[in-house]
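The values are calculated or read from the model by the stated rules, or taken from the named source; none is laboratory data. Note that the structure is a prediction, hence the values are computed from the model and not measured. With ideal geometry, Cβ positions are generated from the backbone for all residues, glycine too; neighbour counts draw on all protein chains shown. Accessible surface is based on the protein model in full, side chains and every heavy atom, while ligands, DNA and RNA are left aside. Shrake-Rupley method; radii C 1.70, N 1.55, O 1.52, S 1.80 Å.
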Amino acid sequence: MAKVLYITAHPDHQNSYSLSVGDEFIKAYREANPHDVVLYLDLYQMNIPQIDSDVCNGWGKLSSGTPFHQLKKEEQNKLNRMGELVDQFVDADKYVFVNPMWNFSFPPVMKAYIDSICVAGKTFKYTNNGPIGLLKDKKAVHIQASGNFYAQGGPFAEFEIGHRHLKKIMEFFAVPSFEGIFIEGVAAKADQAPAIKEKSIQYARELAQKF
């Protein structure tokens, strides 16, 4: 029995191409793997600390030998929460990331989540030969919607940094399997948007059977 994190970053559930495709992916996955556990993480509805002064000060104090219980309450709360997020991530077997493309990348709440799970000793470790990833037995897929054509060799491919960012993070963690599902051109070819979505749903359902 595998544990899957379905990680979404879109504030508008009613009008989201990425969530429409993501939900179909999960539906197909559940059909193929009825005994697996799927945990739904709506990042917009979660407490995800940003790396702010409380977090930086807390880290600094801990590295200098200050006991955790002597940190300020806000420092403790934020570091505790970040610890919960990374532990949950490490405990899972598979990850499904879902988001729209905003300004060539993903929404900021996704970046805050990524910052929470990039933790030495949890998802990677430092060695004499540099950092190495610790998640060598995981799988991940990224579902991203965009108004124009980017990730699949479109005319603006060099501008796309959301999927490429997440790909590098997964490589950093040593996740061996990472695939992308791209719902592209829904604004550039608005008259074809329904067909674009349906084609992406079909591919998502096919990929879910093998995920």
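For the stretch 133-156, the criterion of being modelled with pLDDT of 95 or more, aromatic (F, W, Y) and out of contact with any Lys or Arg (no Cβ under 9 Å at 6 or more places or on another chain) is met by no residue. Counting the residues of the stretch 102-141 that are among the hydrophobic types (A, V, I, L, M, F, W, C) and within 13 Å of the chain's Cα centre (by Cα) gives 9. A Cβ distance below 6 Å, combined with a sequence gap of six or more or placement on separate chains, defines the contacts here; from the stretch 69-81, residues that are over 14 Å from S53 (Cβ atoms) reach residues that are open to solvent by 70 Å² or more (accessible area, probe 1.4 Å) and at pLDDT 95 or above in the pairs R81/N47.
Going by the conditions given, is I201 open to solvent by 10 Å² or more (accessible area, probe 1.4 Å), in contact with a Gly (Cβ under 7 Å, 6 or more places away or on another chain) and of a type in the set (V, I, T)? Criteria not met by I201. In the list K73, K78, K94, which residue meets the criterion of being surrounded by fewer than 19 Cβ atoms within 10 Å (Cβ to Cβ) and either among the aliphatic types (A, V, I, L, M) or modelled with pLDDT of 95 or more (or both)? After ruling out the rest, the residue left standing is K73. Search the stretch 157-173 for residues being surrounded by fewer than 16 Cβ atoms within 10 Å (Cβ to Cβ) and more than 15 Å from the chain's Cα centre (by Cα), and hand back the single one that is modelled with the lowest pLDDT. Among those residues, the one meeting the criterion is A157. For the stretch 27-43, taking the residues that are open to solvent by 80 Å² or more (accessible area, probe 1.4 Å) and assigned to a helix (DSSP H, G or I), the one that is farthest from N80 (Cα to Cα) is identified as E31. Residues that are open to solvent by less than 20 Å² (accessible area, probe 1.4 Å), touching a Pro at 6+ places or on another chain (Cβ under 8 Å) and within 22 Å of A2 (Cα to Cα) within the stretch 135-156 comprise just one, K138. Looking at the stretch 1-26, which of its residues are open to solvent by less than 10 Å² (accessible area, probe 1.4 Å) and part of a loop (DSSP other than H, G, I, E, B)? Within the stretch 1-26, A9, S16 meet the criteria. Number of residues in the stretch 100-134 that are open to solvent by 50 Å² or more (accessible area, probe 1.4 Å) and within 19 Å of A9 (Cα to Cα) equals 5.
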